Each structure stands twice: as C-alpha cells, then as structure tokens.
Amino acid sequence: MTEYETILVEQRGRVGWITLNRPQALNALNGQVADEVTAAAVAFDEDDGVGAIVVTGSEKAFAAGADIKEMEGMSASDMFATDHFGAWNDFAGVRTPVIAAVSGFALGGGCELAMMCDIILAADTAKFGQPEINLGVIPGMGGTQRLIRAIGYYKAAELILSGRMMGAEEAERAGLVSRVVPASDLLDEATKLAETIASKGLPSLYAAKASLDTAMETTLAAGLIHEKKAFAALFDTEDQKEGMAAFREKREPNFTHR
Ligand code: CAA
C-alpha cells in the first residue's frame with residue numbers, strides 16, 4: 001500500500017479507513033493532506049473489495065480547517081493558479097459511499113470535508129462551524145454552497161456570517177449530522193454503519209449515491225428522470241437478480257458486486 005505522511009490508511013474487511021494524522025496542527029488540511037486523502041479515497045474507490053470508506057480524525061479534532069499558515073502569504077493569483085482546494089474535487093467525486101466520523105473540531109475546511117462525505121456521524125464532543133469570517137475570508141471548500149443545502153439558508157447564514165460554532169446536538173437538529181453518539185462509541189458505530197453499507201451490492205450503492213448527488217444538483221423533474229434510468233439500469237446487474245431471488249427464497253443475498 002502507498003506510504004502516506006499525513007494520514008493513516010487501513011482496509012478492514014470491505015471498509016476503507018482514512019484517519020487524518022497531523023495532531024500538531026489539529027489535522028489542518030494543507031496541500032499534502034488534500035493530495036493524500038484524495039489519493040487514498042480514489043484508490044479505495046477503484047478497488048471493488050471496498051464498499052464503504054470512513055474518514056475520521058482524532059478525539060480533539062476531525063480537522064480545524066484549511067491550513068491557515070500555508071495560505072497566509074498567498075495572493076489571489078496564487079489561489080487561482082494553483083486551484084488551491086482543487087484536489088478535493090476528486091475526493092468529493094468518489095462513487096463509494098463515504099462516512100465522516102467526527103469527534104472534536106470540524107471547522108472551516110474540516111466542516112467542508114465532512115460535508116463532502118455522504119453521512120456525518122458525530123461524537124457528542126463534535127463542534128461544527130465555518131469561522132473563516134474571523135480570518136477576513138469566507139469558506140472556500142464548498143461551505144457556502146453545501147451548508148445551505150444541508151441546513152437551509154437562514155441557519156447557514158447565521159453560522160457563516162458570525163463564525164459561531166455549533167455543538168453536535170444542534171448539528172443533528174439542523175440536519176447536518178445523521179446521528180450523535182457518545183465519543184467513546186464513535187468508531188464502533190462508524191464501523192457498524194460502514195460494514196452494513198459495504199455488505200450491499202456495489203452497483204446499487206454507486207447508483208444510490210449518484211442519484212442522491214443528482215438531487216443536490218438539479219430540479220425535481222430532472223432528478224426523477226435520472227432516478228428512473230438508474231433504477232432501470234440496475235436490472236442488468238447480477239446483484240439485482242440475486243437480491244430479488246434471495247428475498248423470494250427467504251435467505252440472505254450473496255452479492256457479487258456485478
Ligand atoms: N491551520 C493551521 N494551524 C492550525 C489550524 C489551522 N486551521 N488550527 C489549529 N492549528 C494549529 C495551531 O496553530 C497550533 O499550532 P502551534 O502549537 O504551532 O501554535 C495547534 O494547531 C493547536 O491549536 P491551538 O493551540 O489553537 O488549540 P486550541 O485548543 O487552543 O484551539 C481551535 C483550537 C479553536 C480549533 C483553534 O486552533 C482554531 O481556532 N483554529 C483555527 C480554526 C479556523 O479558523 N479554521 C478555518 C481555517 S480557514 C479555512 O478552512 C478555509 C476554507 O474554507 C477551506
């Protein structure tokens with residue numbers, strides 16, 4: 001497996017784990033982290049032995065944002081020329097379902113990284129926020145767009161304009177987080193959820209994620225057309241035949257991911 005310096009990467013069964021590992025900077029997301037997380041996620045995505053990916057950090061911080069020290073001296077033309085956060089587009093584009101298991105700070109780019117995932121599980125210690133306004137900038141990894149879609153305009157506007165952090169319970173009420181669990185249970189709960197997802201057939205997982213993504217992008221009418229085609233296409237897969245035969249025969253399906 002590729003050697004990484006800022007993340008730990010491990011495959012357990014059909015689940016790929018990516019653990020952010022820059023404790024000295026509260027997992028701040030510099031260019032190397034972006035490249036490594038993306039490379040690891042894309043490698044898992046290309047492996048049909050992986051049916052779910054979990055991204056997590058440390059107890060204290062999922063990630064405290066983009067690396068401020070790396071950005072501080074940059075100019076606008078540096079930002080454009082290097083497409084500073086561009087590597088994350090490939091991360092957000094993986095077909096495999098991704099779970100963010102968040103403990104501690106998920107701020108700025110950390111909150112935005114969580115929102116590039118499909119499911120956010122939070123420890124009761126998690127704190128979410130977009131504090132970029134305190135630095136004289138705005139969210140730059142999708143926060144102004146994805147937070148509104150997640151929690152609605154008015155709450156997103158309050159958080160982005162004030163820089164206020166919200167705790168895990170508030171984030172769950174707002175719809176950003178699917179479930180809050182005690183911090184000590186976070187990794188076990190993420191494992192259970194990821195294993196459940198990874199036990200399903202890959203073609204239907206990919207189709208479900210692509211259809212969910214389409215719903216974020218388009219009108220209801222166009223989204224329903226996408227869903228109709230994706231649903232029909234699954235009837236050419238072995239897993240559809242197996243899944244429905246298993247139901248009829250009252251047994252567990254044995255998906256081949258084809
Ligand atoms: N970038 C670079 N370094 C960071 C960092 C970041 N985003 N967040 C924390 N660190 C570093 C600190 O500089 C410190 O390093 P030193 O010991 O070398 O000084 C180390 O991590 C530990 O941090 P603190 O001592 O500050 O820890 P704390 O417990 O007192 O505070 C915190 C924790 C409230 C999260 C605080 O670290 C903080 O406010 N961090 C910045 C949060 C932030 O503004 N994030 C947005 C970044 S901009 C962005 O993300 C743009 C975008 O949209 C993509």
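The values are calculated or read from the model by the stated rules, or taken from the named source; none is laboratory data. If you're wondering where the values come from, they're calculated on a predicted model, not measured in any experiment. Positions of Cβ are generated from backbone atoms using ideal geometry, with glycine treated the same way; all protein chains shown enter the neighbour counts. Ligands, DNA and RNA are stripped out before the accessible areas are found, and what is left, the full protein with its side chains, is counted by its heavy atoms. Shrake-Rupley method; radii C 1.70, N 1.55, O 1.52, S 1.80 Å.
Just name the residue that is modelled with the highest pLDDT out of those in the stretch 181-217 that are over 30 Å from residue 256 (Cα atoms) and touching a Gly at 6+ places or on another chain (Cβ under 9 Å). By that ranking, first place goes to 183.
Scanning the stretch 87-99 for residues that are touching a residue at least 24 places away in the same chain (Cβ under 8 Å) and open to solvent by 60 Å² or more (accessible area, probe 1.4 Å) gives 90, 95. Does residue 141 count as under 17 Å from the mean Cα position of the chain (by Cα) and assigned to a loop (DSSP other than H, G, I, E, B)? Considered against the rule, which asks whether it is under 17 Å from the mean Cα position of the chain (by Cα) and assigned to a loop (DSSP other than H, G, I, E, B), residue 141 comes out as yes. Residues of the stretch 198-221 that are assigned to a helix (DSSP H, G or I) and over 15 Å from residue 94 (Cα atoms): 215, 216, 217, 220, 221. Within the stretch 222-253, the set of residues being open to solvent by less than 50 Å² (accessible area, probe 1.4 Å), within 26 Å of residue 53 (Cα to Cα) and assigned to a helix (DSSP H, G or I) comprises 223, 230, 234, 239, 240, 242, 243.
Residue by residue, here is whether (1) part of a helix (DSSP H, G or I); (2) within 21 Å of residue 21 (Cα to Cα); (3) touching a residue at least 60 places away in the same chain (Cβ under 8 Å) holds:
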| residue | (1), (2), (3) |
| --- | --- |
| 36 | yes, yes, no |
| 47 | no, no, no |
| 54 | no, yes, yes |
| 59 | no, yes, yes |
| 78 | yes, no, no |
| 85 | no, yes, no |
| 101 | no, yes, yes |
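Please work out which residue is least open to solvent (accessible area, probe 1.4 Å), limiting yourself to the stretch 61-76 and to residues that are within 17 Å of residue 33 (Cβ to Cβ) and assigned to a helix (DSSP H, G or I). Checked the stretch 61-76; the qualifying residue least open to solvent (accessible area, probe 1.4 Å) is 71.
For the stretch 139-170, a tally of residues being open to solvent by less than 80 Å² (accessible area, probe 1.4 Å), within 19 Å of residue 121 (Cβ to Cβ) and within 16 Å of the ligand (Cβ to nearest atom) returns 5. The number of residues in the stretch 103-138 being open to solvent by 10 Å² or more (accessible area, probe 1.4 Å), part of a loop (DSSP other than H, G, I, E, B) and within 8 Å of the ligand (Cβ to nearest atom) comes to 2.
When 100, 92 are checked against the criterion of being touching a Cys at 6+ places or on another chain (Cβ under 8 Å) and under 25 Å from residue 52 (Cβ atoms), 100 stands alone in meeting it. Whenever a residue of the stretch 10-32 is open to solvent by 30 Å² or more (accessible area, probe 1.4 Å) and assigned to a strand (DSSP E or B), its partners that are more than 8 Å from the ligand (Cβ to nearest atom) and modelled with pLDDT of 95 or more, lying with C-beta atoms within less than 6 angstrom and at least six residues away or across chains, give the pairs 10/17; 19/8; 19/56.
Of the residues 196, 219, 256, which is closer than 17 Å to residue 117 by Cβ, among the hydroxyl-bearing types (Ser, Thr, Tyr) and loosely packed, with under 15 Cβ neighbours inside 10 Å? Full working, then the answer.
Details: 219 fails: closer than 17 Å to residue 117 by Cβ; 256 fails: closer than 17 Å to residue 117 by Cβ.
That would be 196, the only listed residue that is closer than 17 Å to residue 117 by Cβ, among the hydroxyl-bearing types (Ser, Thr, Tyr) and loosely packed, with under 15 Cβ neighbours inside 10 Å.
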